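Read through the structure below, which is laid out as structure tokens, and then see the notes.
Just so it is clear, none of the values below were taken in a lab; they were calculated from the coordinates. From a predicted model like this one, the values you see are computed outputs, not experimental measurements. Using ideal geometry, Cβ is built from the backbone for each residue, glycine included, and neighbour counts are taken over all protein chains shown.
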Amino acid sequence: MGTSPRWHAVRLSAVRGFAAWARTFDQAVQVPPTRMLPFRTTRATPYLYTASEINALMDAATSLRPLLRAVTIQTLIGLLAVTGMRAGEAVGADVSDLDLNTGVLTIRGAKFGKSRQLPLHPSTTDALSTYLRVRAHHGATTSALLVSTAGTRLTYNNAQRIFKKLTARASVMPRSAACRPRLHDFRHTFAVNTLLDAYESGADPGERIPLLATYLGHTESANTYWYLHACPELLTAAANRVDHHLATVTR
């Protein structure tokens, strides 16, 4: 009781594997059909953060102890929010990948073995510079950019565990069973906000797609469309653009 169709299908799959093995010894053993309990694989609904929610998460991080943990998680959240990089890329970055003089962060050996350079806003560069000073003050000597309180590289699992606690402190709650705040959702938020900015500034959203795909590290623009979740804000902006165009051509 209370279990999902997927759970039942997975359990039956295990039974099917055992039955197939047993059948090699006894042909009388029946193997359950593969489609007896079908289920559809569903993807999590992206949680699109508002600016106030991001600020609330950053503020909540200040309560973490010790100080190094607080500033590390703040830096992680800020970096994900303003670059749209993968959380794994952020924790995998080294100090040597960051060039404060040019304001560029290099992502090396990312998904599909691709590397790319991310231009950073001066405010982001300043924040990272401050973090490096705090990091050095606490004696961190690892090559990793983001460090744990033990002075080692921050791991994704540890970051996700801390982030989950922060969402509760900041009252950033799930919107549904399938839409829960995750670190990865900053990437979705960044992609959607990039397109919203194009609509609001009067630019061509279509021209932003290849640029966004390159920035996100996608090999094809088609992979970027998954991140452009059909949120109400995007749909409204697109509808307003169409209405404005129709009003112009029918005058």
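At a glance:
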{"read-out": "Surrounding net charge for Ala198, when Lys and Arg each add one and Asp and Glu each subtract one, Cβ distance under 9 Å", "value": "-3"}
{"read-out": "Three-way shape label, region 51-169, alpha-carbon gyration tensor, a/c 1.5", "value": "rounded"}
{"read-out": "Amide H partners (placed H, <5 Å) of Asp94, local residues excluded", "value": "Leu145"}
{"read-out": "Neighbour-count ranking [beta-carbon atoms within 10 angstrom, fewest first] of Ser148, Ser176", "value": "Ser176, Ser148"}
{"read-out": "Region 173-251: C-alpha gyration tensor shape, a/c 1.5 cut-off, then a/b vs b/c", "value": "oblate"}
{"read-out": "Note, ³J(HN,Hα) from phi for region 143-153, Karplus 6.51, -1.76, 1.60, rounded to Hz, x at Gly and Pro", "value": "6, 5, 6, 9, 10, 8, 5, 7, x, 9, 5"}
{"read-out": "Contact order normalised by residue count of region 36-193, Cα under 8 Å, 6+ apart, percent", "value": "35"}
{"read-out": "Gyration tensor (alpha-carbon) shape descriptor, the chain, a/c threshold 1.5", "value": "oblate"}
